[in-house]
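Notes follow the structure.
The values are calculated or read from the model by the stated rules, or taken from the named source; none is laboratory data. Worth saying up front: this structure is predicted, and the values here are computed from it rather than measured. Neighbour counts are summed over all protein chains in view; Cβ atoms, including those assigned to glycine, are modelled from backbone coordinates with ideal geometry. All accessible areas refer to the heavy atoms of the entire protein, side chains included, with ligands and DNA or RNA removed. Shrake-Rupley method; radii C 1.70, N 1.55, O 1.52, S 1.80 Å.
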Amino acid sequence: MVPVCAVGRASVQYLKELGAVPVAGVRSDRVAEAKALAGDAIDLDAAAATERFTLVADTAGHAAAAAAIKLMADGGTISTCVQIPEGANAGDRVK
């Protein structure tokens, strides 16, 4: 088996090196894998907006970015390597 090094995986490893406590936001079929890597994960397909994040680093974009914005606190900041989907940040709730 060849190890896969994706941007999200590398980001989680780097954040842990810095002493941060990352929470991976992933599709439902990737939750177990993400928990093994990050320690905590949220199923973006089924996540309820009960937890609010102030900082999000998005490496997938599109639907993942839109789902992550729903979990963010007003005034939070999202950093993404792709464009935010049209209408995902209604009222410019996050930067």
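The figures follow:
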item: Qualifying residues in the range 70-93 (those that are among the hydrophobic types (A, V, I, L, M, F, W, C) and touching a residue at least 12 places away in the same chain (Cβ under 8 Å)) - the one nearest to S11 (Cα to Cα); result: C81
item: Selection from the range 62-95 of residues that are within 12 Å of L44 (Cα to Cα) and buried (at least 18 other Cβ atoms within 10 Å of the Cβ); result: A64, A65, A67, A68, I69, L71
item: Residue within the range 4-18 that is aromatic (F, W, Y), open to solvent by 90 Å² or more (accessible area, probe 1.4 Å) and either in contact (Cβ under 8 Å) with a residue 24 or more places away in the chain or assigned to a helix (DSSP H, G or I) (or both) present; result: yes
item: Residue within the range 42-61 that is of a type outside the set (S, T, N, Q), in a helix (DSSP H, G or I), modelled with pLDDT under 90 and surrounded by fewer than 18 Cβ atoms within 10 Å (Cβ to Cβ) present; result: no
